[in-house]
Amino acid sequence: MQGLSQQEFTALYESSRNTVYHFLLKLSGNPEIAEDLTQETFLKAFEVMDRFDPNRGSFSSWSCTIGKNLYFKHFNRTKKETGNVSINIENFPELSGGNHEDPLELEKNSLNLALKEGVSRLPEPEKSIILLKEIQKKTLKETADALGISERTVSRRLLSAFRMLRTYLEAEGIGL
């Protein structure tokens, strides 16, 4: 989209900013990092706006892909500097258990905690695929668009992530 005015870009920014911010917040688990990366995302989007093709997807999906790429650059840079960084699994309450006394509820909570730990140990992008596809219930296409990979790659890596989770759970003595 060449020849986009500043006013037109501002309208696209306003309509997509929250989506990109919340996506990056889910990935990073840190509001400051999410805010910084959201700003970087739209600066980058403005710089490369001529590459945006509305026939291939929405501006917000395209922006999330830019944000995801910037996050992984940040992730890799921080990992090299500190030796360890990960998506904050605590931001996914869907994996948290309750505090009930019922034996079935206790078993469910134990399984949820083991799943939470297993997901936190997955490498990228398998972790992001599990969180987007299975926890947030995104479609295959939405997950692929958000991560900037093909639907087939999402399917393959999802299967790989499930295998890794099964191996982890079995090592913990939890049979599925």
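All of the numbers you see were taken from the coordinates with simple rules; none came from a lab. In this text, all values refer to a predicted model and were calculated from it rather than measured experimentally.
Karplus-based coupling profile of the stretch 25-32, in residue order and whole Hz: 5, 5, 5, 8, x, 9, x, 5, with θ = phi - 60° in 6.51 cos²θ - 1.76 cosθ + 1.60 and x standing for Gly or Pro. Backbone phi angles across the stretch 66-73, fed through the Karplus curve with coefficients 6.51, -1.76 and 1.60 (θ = phi - 60°), yield HN-Hα couplings of 4, x, 4, 4, 5, 4, 5, 5 Hz in residue order; Gly and Pro are listed as x. Beyond 20 Å in Cα-Cα separation lie the following of the pairs Lys73/Lys137; Lys26/Lys137; Lys44/Lys127: Lys73/Lys137; Lys44/Lys127.
Taking the centroid of alpha carbons for each part, the stretch 141-176 and the stretch 24-79 are 23 Å apart.
Scattering from the stretch 129-176 was approximated by placing one identical point on each alpha carbon and applying the Debye formula without solvent; log10 I(q)/I(0) at 0.15, 0.25, 0.27 1/Å stands at -0.42, -0.83, -0.90.
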